[in-house]
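Colleague: Sharing a structure here in structure tokens format.
The values are calculated or read from the model by the stated rules, or taken from the named source; none is laboratory data. Please read all numbers here as calculations on a predicted model, not as lab measurements. Here the Cβ is made from the backbone with ideal geometry for all residues, glycine too, and neighbour counts use every protein chain on show.
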Amino acid sequence: MQRSLVMTVIGEDRPGLVDSVASIVAEHGGNWLECRMSRLGGQFAGIVHVEVPPEKEQSLADALKALNGRGLNVVVHSDRAVEETTKRPVSILEVVGQDRPGIVRQISHALAGFDVNVEELHTECASAAMSGETLFKARAKLSIPPSCNVARLRQELEKIAGDLIVEISLETSG
């Protein structure tokens, strides 16, 4: 039985960062399962999920932590999460509007108030095509519990959209 590890990786962006992590994983008999990595503000950051034989877990973690001396900060967590008994349908939330401080905070606060889990969140700021103003864009995958009043959640999100002058769409499934 393999051990599942989740790690965070961050360092100043330069060629070879992914290779250095992937090489260490392979050298320890690990299997690279999934990752999300991106260059953000001059830094290269990511999360990686790997499996490794139990007897290699500690030596892999030690080898990855040794990358700190080469400017790559790696934090390793053993994934011992309890399996969910039921898989919830995924809903998609999209937000677009003029950038301003507090958008993520207000929306995430409303979602937390309805016990909604944010499974993935991608945000970016981009120049609007016609006006050149900075647009904030967000896309989130959400897990909405069966007990959530989705109509009330939509009302709360619409109120926030009006206050922040952004467009919000919530596509629910299931």
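Colleague: Considering only residues of the range 131-143 that are in a strand (DSSP E or B) and hydroxyl-bearing (S, T, Y), which is surrounded by the fewest Cβ atoms within 10 Å (Cβ to Cβ)?
Modeller: The initial filter retains those residues of the range 131-143 that are in a strand (DSSP E or B), namely 134-143.
Next, from what is left, pick out any that are hydroxyl-bearing (S, T, Y): 134, 143.
Numbers: T134: 12, S143: 16.
Across the range 131-143, the extreme among qualifying residues is T134.
Colleague: Would you tally the residues in the range 1-18 being assigned to a strand (DSSP E or B) and of a type in the set (K, R)?
Modeller: To start, the set of residues in the range 1-18 that are assigned to a strand (DSSP E or B) comprises 3-12.
This time we only want the ones that are of a type in the set (K, R), so: 3.
Total meeting the criteria: 1.
Conditions (1) hydrophobic (A, V, I, L, M, F, W, C); (2) more than 15 Å from the chain's Cα centre (by Cα), marked per residue:
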| site | (1), (2) |
| --- | --- |
| G46 | no, no |
| N68 | no, yes |
| H109 | no, yes |
| V118 | yes, no |
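Colleague: Return yes when P53 is touching a residue at least 40 places away in the same chain (Cβ under 8 Å) and either in contact with an Asp or Glu (Cβ under 8 Å, 6 or more places away or on another chain) or not assigned by TED's automatic domain parsing to the domain that holds E158 (or both) and no when it is not. Spell out how you get there, then give the answer.
Modeller: Working: touching a residue at least 40 places away in the same chain (Cβ under 8 Å): yes; either in contact with an Asp or Glu (Cβ under 8 Å, 6 or more places away or on another chain) or not assigned by TED's automatic domain parsing to the domain that holds E158 (or both): yes.
Criteria met by P53.
Colleague: If I filter the range 97-108 for residues that are surrounded by 15 or more Cβ atoms within 10 Å (Cβ to Cβ), closer than 15 Å to V166 by Cα, among the small types (G, A, S) and touching a residue at least 60 places away in the same chain (Cβ under 8 Å), do I get at least one hit?
Modeller: Within the range 97-108, one or more residues are surrounded by 15 or more Cβ atoms within 10 Å (Cβ to Cβ), closer than 15 Å to V166 by Cα, among the small types (G, A, S) and touching a residue at least 60 places away in the same chain (Cβ under 8 Å).
Colleague: Sticking with this structure for a sec: Being under 30 Å from C125 (Cα atoms) and out of contact with any helix residue (DSSP H, G or I) (no Cβ under 7 Å at 6 or more places or on another chain) narrows it down to one of A66, A45, so name that one. Don't jump to the end; show me each part of the working.
Modeller: On the way: A66 fails: under 30 Å from C125 (Cα atoms).
Result of the check over A66, A45: A45.
This table checks each residue for (1) without any contact (Cβ under 8 Å) to a residue 24 or more places away in the chain; (2) assigned to a strand (DSSP E or B).
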| residue | (1), (2) |
| --- | --- |
| A110 | no, no |
| V118 | no, yes |
| C125 | no, yes |
| A129 | yes, no |
| P145 | no, no |
| I160 | no, no |
| L170 | no, yes |
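Colleague: Please work out if A26 is assigned by TED's automatic domain parsing to the domain that holds R154 and not in a strand (DSSP E or B). Walk me through how you get there before you give the answer.
Modeller: Details: assigned by TED's automatic domain parsing to the domain that holds R154: no; not in a strand (DSSP E or B): yes.
Here the answer is no, as A26 does not meet what is asked.
Colleague: Can you find even one residue in the range 19-35 that is closer than 21 Å to R139 by Cβ and surrounded by 15 or more Cβ atoms within 10 Å (Cβ to Cβ)?
Modeller: The first filter runs over the range 19-35 and keeps only residues closer than 21 Å to R139 by Cβ, leaving 34-35.
Remaining after also requiring surrounded by 15 or more Cβ atoms within 10 Å (Cβ to Cβ): 35.
Among the residues of the range 19-35, at least one is closer than 21 Å to R139 by Cβ and surrounded by 15 or more Cβ atoms within 10 Å (Cβ to Cβ), which makes the answer yes.
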